[in-house]
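Let me begin by presenting the structure, written as structure tokens, before commenting on it.
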Ligand SMILES: Nc1ncnc2c1ncn2[C@@H]1O[C@H](COP(=O)(O)OP(=O)(O)OP(=O)(O)O)[C@@H](O)[C@H]1O
Ligand SMILES: [Mg+2]
């Protein structure tokens, strides 16, 4: 594994977009049999560098050598030809095809009479198996899967072709610990087979667990390349943000617990449920309280959030808000009652690609007012100014189409959209997905501050530690139902929640398989 | 918007970048062709009654109904829909007004009443479209196809299968009158188009429609009320088609149940596309739709003027429109730009990067 020759060598790469110099003489080396992590803040140029290597963007200057030979990559096909396989930051699968078709697209098994679908689906099944997705039915429509599973399917897809270089741009952004472990097992085995792997993540634990080498970018410039063991976390962070800050400190410090007033709950649901999504559940939300939803992938976290917001219609149950009965059957109705919901699926349910940052930011506020009462331009600018600076959106150009922003910055704009509605209840489903550690701490602090001032927050994260850290009360979900409700505080930790989940239903071995079947059919 | 840059040269450059620029060029070219055949084609003279007369004036008059249905179509298309029923709404509007005026006294009051009736009926037809699309959840193509087929039948039922004729001076004036020497019908159509443009851009309707058309799922989660918007848009399209029907029948004060508005939905769709609004929904351009409509009217007149045989007319139209769409397509435009930039623009860009 020691200094063999790099399989990919990028040197002096510069790429400019109108108004932004995204990369400025950046270099990157990938070695066979090594996991290389690309680090940097949101907008540092990680995804752009990856797209330069995969032929999506033409480089303005610099040189790309693959196996020692200079290459001109004219398009993604060239890169694939050169043995580079990529999972981009935003899951780009075809949601109207089946899982199997998505995995095998372009690599279908051909027989004498065209594509042999049976064999194709079988091959897809085998590929999925490697990532622990053996229980999925390849003939199922992709759109029915939760985002995290779609992300895993996208990763499986990249492994169909034999590749020499595997690029994963934030593959773990919506996975929970088990899936990450599964993914890492596969990555390690590919690494041991001599594949060069390029990995991007904002989770330092993951970075230190998997990578052999780091390249740090800052503001589109190359900061340095390091062996992972040469650089501790504090050093790494200061390289990324360019100054010595203990960004980690504020993340680790557990905020003072808020005292819940004994007043009646702001929102109270009795027995709300929806067939196939979540079993009947009771949940109360109080002013000034952060309630966390903990549970494994597929436990029904997102489904419950969608039900509360009216994104899906509940089949059963009753909701009262401020002691009166509330019919929340659509997002518009929820917004009118000052409930806001930030979806985990930024690409499909969040940003509107072709609208500007400003239009994306004010969209929910405007939708609630109705089209006949346009928000005056001055108020729009005030909202934009407030949230662009509070959340640190970069570049701070409100008229830029949002699709041109980096993934993390798009996420910040979306958070701004929901904060701008000044909600009473804010439902956050993976709100900091793809946001770098510095900004993440700031945003969490900001939301905690709003909760101190009386905002009610429902918080969902695949990182159980984060849920524990943020929440005053934790609702634990498993297999689409609530199994426990814990007051946050001394006794509760990530381990204790994992234990609660593991111990539930131990007496009933059929429970697990029953749900598996439900998922596959 | 971006045309407020410095000086006329910058303004011109802004115009060239607009999709509908090629529509303007095409209008000019068609007029040139006509001019080649008859050097006096563009002449506009003052007629006996003090009004302007000439071929160009005729074109503007003919463009009026197309402008109206194109503007309506433009809004529907922005939501990723299509309204095939506009031609049929026109004939229903004509039938309703002629039947009403046939028995009514020839007063301004009954003329206005007829127009009011048209607004109600065409809004109702638009509402049916809106309901089929938003509540029942049918594809816009199918929903409006149903109304397109049913509408012409309805018109025949209203007139008892006759081509009803009526007299009403006020009603007739909307199509044949003049204001400041210009045809009132064109000015009225332009006025309605400008009013729609203001409505859409001064309120938040435009933003909501674009959001819905670009990404219905994300827009819904952002609280955009899809159902109300679709109702609004199909009703607006219906009412505009109703006015177009008034204009189309008022000029001869006769509704021709089989020919009024016949196949005009296709002209409207073409006008919208020429004007730079993609049928995939999202960003839309009302000015472009108006220019597209004027182009279609110019094309119709040219075909007649050049004496293209009526059987070859559709083919002639098709050739012009395909050429235009090619010019507008991103790919072709990029190819053009590349050829130019290969020589000139590239070094300039390099400098900017270095700075
Ligand atoms: N197509 C584009 N046009 C214009 N600017 C772009 C484009 N793509 C990226 N940028 C800009 O380039 C910079 C780098 O973006 P990039 O997506 O590479 O960041 P990143 O490091 O991947 O960030 P994140 O962690 O948020 O994903 C950003 O300022 C972004 O706004
Ligand atoms: Mg990125």
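The values are calculated or read from the model by the stated rules, or taken from the named source; none is laboratory data. Treat the numbers as computed from the prediction; the structure is a model and nothing was measured. Cβ placement follows ideal geometry from the backbone for every residue including glycine, while neighbour counts extend to all protein chains displayed.
Given the conditions (1) more than 22 Å from residue B:65 (Cβ to Cβ); (2) at pLDDT 85 or above, and given that residue B:300 satisfies all but one, which numbered condition is not satisfied? Unmet condition: (1).
Within segment A:431-454, the residues that satisfy the criterion of being within 16 Å of the chain's Cα centre (by Cα), within 16 Å of ligand 2 (Cβ to nearest atom) and either touching a residue at least 40 places away in the same chain (Cβ under 8 Å) or not assigned by TED's automatic domain parsing to the domain that holds residue A:283 (or both) are A:433, A:434, A:435, A:436, A:437, A:439, A:440. For beta carbons closer than 7 Å, sequence separation of 6+ or different chains, a first residue in segment A:388-408 that is on the phi < 0 side of the Ramachandran plot and in the same structural domain as residue A:89 (by TED's automatic domain parsing) and a second that is within 7 Å of ligand 1 (Cβ to nearest atom) and modelled with pLDDT under 95, there are no qualifying pairs. Within the set B:68, B:42, the sole residue that is assigned by TED's automatic domain parsing to the domain that holds residue B:242, in contact (Cβ under 8 Å) with a residue 40 or more places away in the chain and within 22 Å of residue B:302 (Cβ to Cβ) turns out to be B:68. Looking across segment A:346-371, the residues that are assigned to a helix (DSSP H, G or I), within 18 Å of residue A:336 (Cα to Cα) and at the interface with chain B (Cβ under 7 Å from one of its Cβ atoms) come down to A:363, A:364, A:366, A:367, A:368.
For segment B:117-126, does any single residue satisfy the condition of being under 30 Å from residue B:220 (Cβ atoms), without any contact (Cβ under 8 Å) to a residue 60 or more places away in the chain and in the same structural domain as residue B:256 (by TED's automatic domain parsing)?
Looking for residues that are under 30 Å from residue B:220 (Cβ atoms), without any contact (Cβ under 8 Å) to a residue 60 or more places away in the chain and in the same structural domain as residue B:256 (by TED's automatic domain parsing), one finds none in segment B:117-126, hence no.
Residue A:114 satisfies every condition listed in (1) in contact (Cβ under 8 Å) with a residue 40 or more places away in the chain; (2) on the phi > 0 side of the Ramachandran plot except (1).
Highlighted here are the helices (runs of 4 or more DSSP H) found entirely within segment A:405-482 that include at least 2 residues which are under 19 Å from residue A:386 (Cα atoms): A:407-420, A:437-452.
If only one of A:76, A:48, A:54 is near ligand 1 (Cβ under 8 Å from one of its atoms), in the same structural domain as residue A:201 (by TED's automatic domain parsing) and more than 17 Å from residue A:214 (Cβ to Cβ), which one is it?
Numbers: A:76 fails: near ligand 1 (Cβ under 8 Å from one of its atoms); A:54 fails: near ligand 1 (Cβ under 8 Å from one of its atoms).
Going through A:76, A:48, A:54 in turn, the sole match is A:48.
Among the helices (runs of 4 or more DSSP H) confined to segment B:139-240, there are none with at least 2 residues that are crowded, with 18+ Cβ neighbours inside 10 Å and not assigned by TED's automatic domain parsing to the domain that holds residue B:82. Among strands (runs of 3 or more DSSP E) entirely within segment A:184-231, having at least 3 residues that are buried (at least 19 other Cβ atoms within 10 Å of the Cβ) and at negative phi singles out A:196-200, A:213-218.
Within segment A:124-169, the set of residues being surrounded by 15 or more Cβ atoms within 10 Å (Cβ to Cβ) and without any contact (Cβ under 8 Å) to a residue 24 or more places away in the chain comprises A:133 only.
Which ones in segment A:1-24 are assigned to a loop (DSSP other than H, G, I, E, B) and either more than 18 Å from residue A:404 (Cβ to Cβ) or in the same structural domain as residue A:436 (by TED's automatic domain parsing) (or both)? Across segment A:1-24, the qualifying residues are A:1, A:2, A:3, A:4, A:5, A:6, A:7.
Would you please name the residue that is surrounded by the most Cβ atoms within 10 Å (Cβ to Cβ), looking only at residues in segment A:59-71 that are touching a strand residue (DSSP E or B) at 6+ places or on another chain (Cβ under 8 Å) and free of Cβ contacts under 8 Å to residues at least 40 places away in the same chain? This residue is A:71. The condition of being surrounded by 15 or more Cβ atoms within 10 Å (Cβ to Cβ), assigned to a strand (DSSP E or B), within 28 Å of the chain's Cα centre (by Cα) and away from ligand 1 (no atom under 15 Å from the Cβ) holds for only one of A:33, A:27, that being A:27. Residues in segment A:41-61 that are in contact with a helix residue (DSSP H, G or I) (Cβ under 8 Å, 6 or more places away or on another chain) and on the phi > 0 side of the Ramachandran plot: A:43, A:55. Taken as a whole, the structure leaves residue A:175 outside the set of residues that are within 16 Å of ligand 1 (Cβ to nearest atom) and either in the same structural domain as residue A:84 (by TED's automatic domain parsing) or not in a helix (DSSP H, G or I) (or both). Take the conditions more than 30 Å from residue A:273 (Cβ to Cβ), within 14 Å of chain B (Cβ to nearest Cβ) and away from ligand 1 (no atom under 11 Å from the Cβ) and apply them to residue A:441. Does it pass? Spelling it out, it is not the case that residue A:441 is more than 30 Å from residue A:273 (Cβ to Cβ), within 14 Å of chain B (Cβ to nearest Cβ) and away from ligand 1 (no atom under 11 Å from the Cβ).
Does residue A:86 satisfy being touching a helix residue (DSSP H, G or I) at 6+ places or on another chain (Cβ under 8 Å), within 16 Å of ligand 2 (Cβ to nearest atom) and in contact (Cβ under 8 Å) with a residue 40 or more places away in the chain? Taking the combined requirement at face value, the residue satisfies it.
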